[in-house]
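Computed from the coordinates by the stated procedures, all read-outs in this text should not be read as laboratory data. Computed from a predicted structure; not experimentally measured. Please note: Cβ atoms are built from the backbone with ideal geometry, for glycine as well, and neighbour counts cover all protein chains shown.
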């Protein structure tokens, strides 16, 4: 599904593009290079590949940028690595996934209980080909993506901000959603205080299109929805979550 001049939706369980448990998976076409934002859950990942091939040759895709390590976003990483694609993950998230496996497994158990994954699902721990830092600029052909480390949903989540000819884009993952909802979870790694501290990093980006990891995406006025999240996190009441 073409969303903008350079961005396509190539995976999504919610709208039936790929496996039912997949997050939204986005393809960014930078001309001479292409990347995926997130890897899906790892069940029927070939459906994502088939959707990519509707828009660009498979060989053009060089990397998968995983916003965080939750299974619906990174479970397909090993598949893409076997397909010759590099998988990138933030240093903070890789450290958490590697050194806090009890917390990772407890979060997975709670998600399975909530119907987020099928019974018996086993997460495939993976080693990223590149560990990202917040201060590096990621080049994709003619496009550049800036990572933004935002805690609250997961310890090492990165959103990606990109300026394009048809507007400013934020790949918001599970940090912020339409109408200012946030991705606070009842699970290890998710923390309301961190949300309050980091939501301000998105304050002045002038976002047009906001592409979250679930629910509706936005093609314009994304900053207004981010502002709603900022405002609700500045009040004593529990914020609205997705």
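Within region 15-147, what percent of beta bridges assigned by DSSP are antiparallel, to the nearest 5?
Numbers: 7 of 17 bridges.
Counting only bridges with both partners in region 15-147, antiparallel ones make up about 40 percent.
Take the Cα coordinates of region 152-220, assign each an equal point scatterer, and use the Debye formula without solvent to give log10 I(q)/I(0) at q = 0.13, 0.27, 0.28 Å⁻¹. For region 152-220, the Cα-only Debye profile gives -0.35, -1.31, -1.37.
With N denoting the number of residues in region 7-147, provide Rg(C-alpha) divided by 2.2 N^0.38 Å, to two decimal places. Could the numbers behind the result be given before it?
On the way: Rg = 14.6 Å, N = 141, 2.2 N^0.38 = 14.4 Å.
Compactness ratio reported: 1.01.
Here the contact order of region 1-104, divided by its residue count and restricted to Cα pairs under 8 Å and six or more residues apart, works out to 21 percent.
With R₀ set to 30 Å, the beta-carbon distance separating residue 14 from residue 230 gives a calculated FRET efficiency near 0.75.
Averaging 1/r over every pair of different alpha carbons in region 61-138 and inverting the result gives a Kirkwood radius of 13.2 Å. Taking every alpha-carbon pair under 8 Å whose residues sit at least 6 apart, the chain reaches a relative contact order of 15 percent.
Which parts of region 51-92 would a label at residue 133 reach, counting a residue when its backbone N lies under 16 Å from a point 7 Å out along Cα-to-Cβ? The answer is 89-92. Globularity index of the chain is 0.93 (Cα radius of gyration / 2.2 N^0.38 Å, N = number of residues).
Just to be sure I understand: if I project the alpha-carbon convex hull of region 109-237 onto a plane and average over all orientations, what area do I get in nm²?
Values: hull surface 37.0 nm².
Result: a mean projected hull area of 9.2 nm².
As a calculated quantity, the FRET efficiency between residue 110 and residue 193 at R0 = 22 Å, using C-beta atoms, amounts to about 0.65.
Assuming R0 = 22 Å, what is the FRET efficiency of residue 102 and residue 124, from their Cβ-Cβ distance, to the nearest 0.05?
Calculated transfer efficiency: 0.80.
Given a cut-off of under 8 Å on Cα pairs at least six residues apart, what relative contact order in percent is computed for region 143-227?
Numbers: 175 pairs, mean separation 25.7, N = 85.
Worked out over region 143-227, it gives 30 percent.
The DSSP beta bridges internal to region 7-232 are antiparallel in roughly 60% of cases.
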